[in-house]
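Data block below; observations after.
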Amino acid sequence: MMREFRNPVGDDYDRVIVQLDDWWGGRNMQVRLPRLWFDHFSDTSFVVEEDGAITAFLIGFLSSVHRNEAYIHFVGVDPKRRDQGLGRGLYERFFALAAERGRQAVGDAFMDGLPVHTGFHGPGEDRVVFRRKISSRDVQGPGQLGP
Ligand SMILES: CC(C)(COP(=O)(O)OP(=O)(O)OC[C@H]1O[C@@H](n2cnc3c(N)ncnc32)[C@H](O)[C@@H]1OP(=O)(O)O)[C@@H](O)C(=O)NCCC(=O)NCCS
């Protein structure tokens, strides 16, 4: 199988958005991922292309206010391709990028799980919030999955 981790380009947004709701079990997720994320954050985001299909993606950015932090907005893996390390490969690439750019922490907020932070992303938008410290070891990036 041909597998490539790369930054989003061209029509990748259109290729992802048509699959998005299916990947979340029919939930309306498209409204949470407007095109601007692919247009303005593509150099800190990744897609996985396998045999001509996009099977996973991560949208992240370097905070422009909290200058030692990076943040992950969205991660999704095709249900048919889950539990095979694609999610890990995306996270590790983003941690490596954050480390290379001198960031010391990465934040993320999950929709599912205990509603630890009520209204974190607005009314009714409860989240489980994660924060991971970045160390020099993260610069090495992903291991076994390779490029
Ligand atoms: C969460 C998600 C991105 C993980 O991607 P994945 O490619 O299946 O994950 P991996 O195969 O790389 O798994 C990495 C590790 O995380 C664990 N893991 C994966 N999904 C998990 C989940 N939903 N809950 C808890 N642990 C999980 C795996 O068991 C694995 O642990 P291990 O290496 O110790 O065995 C994927 O399941 C997904 O797209 N889910 C729906 C969308 C979502 O919830 N996105 C995140 C919020 S925006």
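What the table below lists for this structure:
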item	result
Selection from segment 37-48 of residues that are open to solvent by 10 Å² or more (accessible area, probe 1.4 Å), within 15 Å of the ligand (Cβ to nearest atom) and closer than 13 Å to V16 by Cα	W37, F46
Set R103, R93: member being surrounded by 13 or more Cβ atoms within 10 Å (Cβ to Cβ), within 16 Å of the ligand (Cβ to nearest atom) and not hydrophobic (A, V, I, L, M, F, W, C)	R93
Candidates G52, G25, filtered to the one that is open to solvent by 40 Å² or more (accessible area, probe 1.4 Å) and more than 16 Å from the ligand (Cβ to nearest atom)	G52
Residue, most open to solvent (accessible area, probe 1.4 Å), within segment 110-121, restricted to residues that are at negative phi and either within 12 Å of the ligand (Cβ to nearest atom) or among the polar types (S, T, N, Q) (or both)	T118
Some residue of segment 81-88 being surrounded by 14 or more Cβ atoms within 10 Å (Cβ to Cβ) and closer than 17 Å to N7 by Cβ	yes
Residue under evaluation R137, criteria (1) in a helix (DSSP H, G or I); (2) touching an Asp or Glu at 6+ places or on another chain (Cβ under 7 Å); (3) at pLDDT below 90; (4) of a type outside the set (F, W, Y), criterion not met	(2)
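The rows are residues; the columns are (1) touching a residue at least 24 places away in the same chain (Cβ under 8 Å); (2) within 15 Å of the ligand (Cβ to nearest atom); (3) part of a loop (DSSP other than H, G, I, E, B).
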| site | (1), (2), (3) |
| --- | --- |
| L58 | yes, yes, no |
| F61 | no, yes, no |
| F74 | yes, yes, no |
| A99 | yes, no, no |
| D108 | yes, yes, no |
| P123 | no, no, yes |
| P142 | yes, yes, yes |
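The values are calculated or read from the model by the stated rules, or taken from the named source; none is laboratory data. Values in this document were obtained by computation on a predicted structure and should not be read as measured data. Virtual Cβ from ideal backbone geometry, glycine too; neighbours counted across all protein chains shown. Side chains are part of the model used for accessible areas, which takes the heavy atoms of the whole protein and leaves out ligands, DNA and RNA. Shrake-Rupley method; radii C 1.70, N 1.55, O 1.52, S 1.80 Å.
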